[in-house]
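Peer 1: Have a look at this one before I ask anything.
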Amino acid sequence: MDVSILNRFSYIILATTVLVGMGLFFARSGFTRTRALALGVAALAFFVAWATLRTGPGTATDTQAANLVLRDSEQPVLIEFYSDYCAGCLAARPMVDRLERELGDQLRVVRLNVASPAGHDLAAQLQADQATPAFVLLDPSGKELWRGFGFFDDAAVRSALSSST
């Protein structure tokens, strides 16, 4: 279940509304080259923001692959359950990416789209299907170390990792 207010479709509607509003305002008050350029830059900025922040494909494609990753991991695993329609997921992505880069060989990050069969099944299995984004940190034996919903708490993950070793 996705509880975010701003999703991929509402972002497109919002961007289109702003661009149309700007276009109507400029048309009414006189269209100049500068205003046309401003409208083009605004459209480009909306597109770049959407393309940069949208979530990508998950790292596990089916339920068996996801379970295999969790069972055979020799290091803690942070599972990120996300949705393409979730603004919180977009906001958490850079923080999770940074943590993954910084902890490299100490932590494995698995991203699962809750709309995929693997994401849906594993989220239900781990009881992490209430909202997105959802995060579950497991030690190599599969014991849960930390869980979070709605936002990513970098400090809590680091604390859970350090207390487990």
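Peer 1: Consider Val96 against the criteria (1) modelled with pLDDT of 90 or more; (2) surrounded by 15 or more Cβ atoms within 10 Å (Cβ to Cβ); (3) not assigned by TED's automatic domain parsing to the domain that holds Gly148: it satisfies all of them except one. Which criterion is unmet?
Peer 2: Among (1) modelled with pLDDT of 90 or more; (2) surrounded by 15 or more Cβ atoms within 10 Å (Cβ to Cβ); (3) not assigned by TED's automatic domain parsing to the domain that holds Gly148, the lone unmet condition for Val96 is (3).
Peer 1: Further, regarding this structure: Look through Ala66, Ala49, Ala45 and report the one residue that is touching a helix residue (DSSP H, G or I) at 6+ places or on another chain (Cβ under 8 Å) and either at pLDDT 80 or above or not β-branched (Val, Ile, Thr) (or both).
Peer 2: The conditions single out Ala66.
Peer 1: Can you find, within region 106-130, the residue that is nearest to Ala156 (Cα to Cα) among those that are within 14 Å of the chain's Cα centre (by Cα) and at pLDDT 85 or above?
Peer 2: That would be Val109.
Peer 1: Take Asp84 and decide whether it is of a type in the set (D, E, K, R) and out of contact with any strand residue (DSSP E or B) (no Cβ under 8 Å at 6 or more places or on another chain).
Peer 2: So Asp84 does not fit the description; no.
Peer 1: Six or more apart or on different chains, Cβ atoms under 6 Å: show the pairs whose first residue is in region 83-110 and touching a residue at least 24 places away in the same chain (Cβ under 8 Å) and acidic (Asp, Glu) and whose second is assigned to a helix (DSSP H, G or I) and surrounded by fewer than 20 Cβ atoms within 10 Å (Cβ to Cβ).
Peer 2: Partner pairs satisfying both residue conditions: Asp84/Arg8.
Peer 1: Which condition from (1) assigned to a helix (DSSP H, G or I); (2) in contact (Cβ under 8 Å) with a residue 12 or more places away in the chain; (3) within 19 Å of Pro94 (Cβ to Cβ) is the one that Ala155 breaks?
Peer 2: (2)
Peer 1: List the residue pairs whose Cβ atoms are under 9 Å apart, where the first residue sits in region 36-49 and is under 10 Å from Leu19 (Cα atoms), the second is among the hydroxyl-bearing types (Ser, Thr, Tyr), and the two are 6 or more positions apart or on different chains.
Peer 2: The qualifying pairs are Phe46/Tyr11; Phe46/Thr16.
Peer 1: Can you tell me which residues in region 131-145 are closer than 21 Å to Ser162 by Cα, in a loop (DSSP other than H, G, I, E, B) and either under 15 Å from the mean Cα position of the chain (by Cα) or in contact (Cβ under 8 Å) with a residue 40 or more places away in the chain (or both)?
Peer 2: Scanning region 131-145 gives Asp139, Pro140, Gly142.
Peer 1: Search region 131-144 for residues being under 16 Å from Glu100 (Cβ atoms) and touching a Pro at 6+ places or on another chain (Cβ under 8 Å), and hand back the single one that is modelled with the highest pLDDT.
Peer 2: The residue in question is Leu137.
Peer 1: Criterion first (under 15 Å from the mean Cα position of the chain (by Cα) and either modelled with pLDDT under 85 or outside the structural domain of Ser73 (by TED's automatic domain parsing) (or both)) does Gly148 satisfy it?
Peer 2: Judged against the criteria, Gly148 is not a match.
The values are calculated or read from the model by the stated rules, or taken from the named source; none is laboratory data. Because the structure is predicted, anything quoted here is derived from the model rather than measured. Note that each Cβ is placed from the backbone with ideal geometry, even for glycine, and that neighbours are counted across all protein chains shown.
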